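The values are calculated or read from the model by the stated rules, or taken from the named source; none is laboratory data. Note that this is a predicted model, so its numbers are computed, not measured. Cβ: placed from backbone, ideal geometry, glycine included. Neighbour counts: every protein chain shown. Side chains are part of the model used for accessible areas, which takes the heavy atoms of the whole protein and leaves out ligands, DNA and RNA. Shrake-Rupley method; radii C 1.70, N 1.55, O 1.52, S 1.80 Å.
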Amino acid sequence: MLRFYTAGESHGQALLAFLSGLPASLPVDVEFVNHELHRRQLGYGRGGRQKIEKDRADIFAGVRHGQTIGAPIALRIENRDWANWEKLLPVEGPAEAGNEKKLTAPRPGHADLAGSQKFNFHDARYILERASARETAARVAVGALAKLLLRAMGIEIASHTLQVGHVKLDRAATWDEIRAVNADIESPLRCVDAGVQERMKAEVDVALKAGDTVGGILEVVAHNVPVGLGSHAQWDEKLDGRLAQAVASIQAVKGVEIGAGVAAAGSFGSEVQDEISYDKAAGKFRRSSNRAGGLEGGITNGEDVIVRGYLKPISTLRKALGTADMVTKEPIQAAYERSDWCVVPAAGVAGEAMVALVLADAFLQKFGGDSLAETRRNFDNYGKQIAEF
């Protein structure tokens, strides 16, 4: 129902994103989209690129008079750094003499070598330009549009940082805490606990001083999600599988957890299942806990959907690792590209976007509708069915 794709390179003219499937008459708040792009650029441990780029989305198709029209939406995010790369990476013809900037020393952990081998380039520049996490800016922009649809149906999405390096928040965060820190653009690492956040900042400082990088864990929470999105019927309809793939697609994410999945693997069943009761006064079923992360059998169960991404330290290190030159095959130090040294909060914003896109797609698969009014009518009628169950 909802399809998107992106185009563009890290140092190209612009990033492009295309989104198809949103119902007509959805109000589009462009400033909200740009606010999401701004949030992605924040965070303690970001590098010099964020001082150059001031990301803003220019919507040039699919929205008129501030509303969707049922047509595909296209948007563009300018790369201001293109001015410094136009002679190095021209669209037509070779780079000007003396302006070549080939990269033949692939970085361990990056797509440089595998991508160059796959596409038969002896220059990783063509690979790293697209493999760069700069691409997530386009995802955040279309994810913001998905958030607008979900928000119109009462569903909210937010993220926070659970871990940076060796420092971890060792308690559960409440939705109110997550929502508050999510809205605080001054929060350096988007951790709900101020004391833990200071220790996280110190961990980032250690990495910077050592010329190293640091990873962590991001948590995305979707609040007020209705029962019944996704399906148990086929493997690719299970919503936890779709969410896991979406979050794992974010650059540097190497693991995904739904709810308390990691802890549950080392527990007895009696310790991890969420017991069910019926609240007669409220007229609804309740669960004693939410270790399942809002998903049972691939279907949302009405609890908050909780997805965690495990982010490895990014691959560009100031203190370069050893590698082998792709041309000479001789030992060499890995190339250094201007980079960040901690991106966990930014990855959280990208995680929100991917979760929003998957949930919005599942929502539209469930409720359909060519216009927002039709979608809302279908959703409201389903709500009556659940209330009468």
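Couple of notes before you dig in:
- The H on the amide N of residue 56, modeled in the peptide plane, is under 5 Å from the matching H of 78, each at least 5 residues off or on a different chain.
- Quarter of the Cα convex hull surface for the chain, i.e. its orientation-mean projected area (nm²): 21.6 nm²
- Formal net charge of residues neighbouring residue 89 (Cβ-Cβ distance under 14 Å; K, R +1; D, E -1): -3
- Straight-line reach from residue 168: taking Cα to Cα under 18 Å and skipping same-chain neighbours fewer than 8 places apart, the aspartates and glutamates in range are 177, 193, 198, 203, 205, 219, 257.
- Net charge, residue 252 excluded, C-beta distance under 11 Å - Lys, Arg +1, Asp, Glu -1: +1
- A simple charge model with +1 on the Cβ of Lys and Arg, -1 on the Cβ of Asp and Glu and nothing else charged puts the dipole of the stretch 1-88 at about 160 debye relative to its Cα centre.
- Relative contact order of the chain, defined on C-alpha pairs under 8 angstrom at six or more residues apart (%): 23 percent
- In the chain, the calculated helix contribution to ellipticity at 222 nm averages -10000 deg cm²/dmol per residue, counting -39,500 (n - 2.57) for every DSSP H run with n ≥ 4.
- Rounded if a/c under 1.5, otherwise prolate or oblate - the stretch 79-138, Cα gyration tensor axes: oblate
- Highest-first arrangement of 355-363, 172-180, 338-346, where packing means the average Cβ count within 10 Å: 355-363, 338-346, 172-180
- The stretch 1-157: C-alpha gyration tensor shape, a/c 1.5 cut-off, then a/b vs b/c: prolate
- Computed over the alpha carbons of the stretch 260-377, Rg followed by Dmax gives 22.7, 74 Å.
- Hz values of 3J(HN,Hα) by residue in the stretch 351-360 - Karplus curve (6.51, -1.76, 1.60), Gly and Pro given as x: x, 4, 4, 5, 5, 4, 5, 5, 5, 5
- Compared with the alpha-carbon gap, the fully stretched path from residue 336 to residue 319 is longer by 5.3 nm at 0.36 nm per residue.
- Counting Lys and Arg as +1 and Asp and Glu as -1 over every other residue whose Cβ lies under 12 Å from the Cβ of residue 200, the net charge comes to 0.
- Alpha-carbon centroid distance for the pair the stretch 256-327 / the stretch 139-212, whole angstrom: 16 Å
- Karplus (6.51, -1.76, 1.60) ³J(HN,Hα), θ = phi - 60°, over the stretch 21-38, in Hz, Gly and Pro reported as x: x, 5, x, 6, 6, 7, x, 10, 8, 5, 5, 5, 4, 5, 5, 5, 4, 5
- Accessible area of the chain belonging to carbon and sulfur atoms, whole % at 1.4 Å probe: 52 percent
- Per residue, the solvent-accessible area of the chain (1.4 Å probe, heavy atoms of protein chains only, all protein chains present) comes to 48 Å².
- Farthest positive-ward along the stretch 246-287 dipole, Cα basis, beta-carbon charges - from 273, 255, 283: 283
- Computed from phi, the 3J(HN,Hα) profile of the stretch 259-271 under the Karplus parametrisation 6.51, -1.76, 1.60 (θ = phi - 60°) reads x, 9, x, 5, 5, 4, 5, x, 10, 7, x, 5, 8 Hz, with x in place of Gly and Pro.
- Across the protein chains, with a 1.4 Å probe defining accessible surface, the residues 126, 382, 310 rank 126, 310, 382 from largest area downward.
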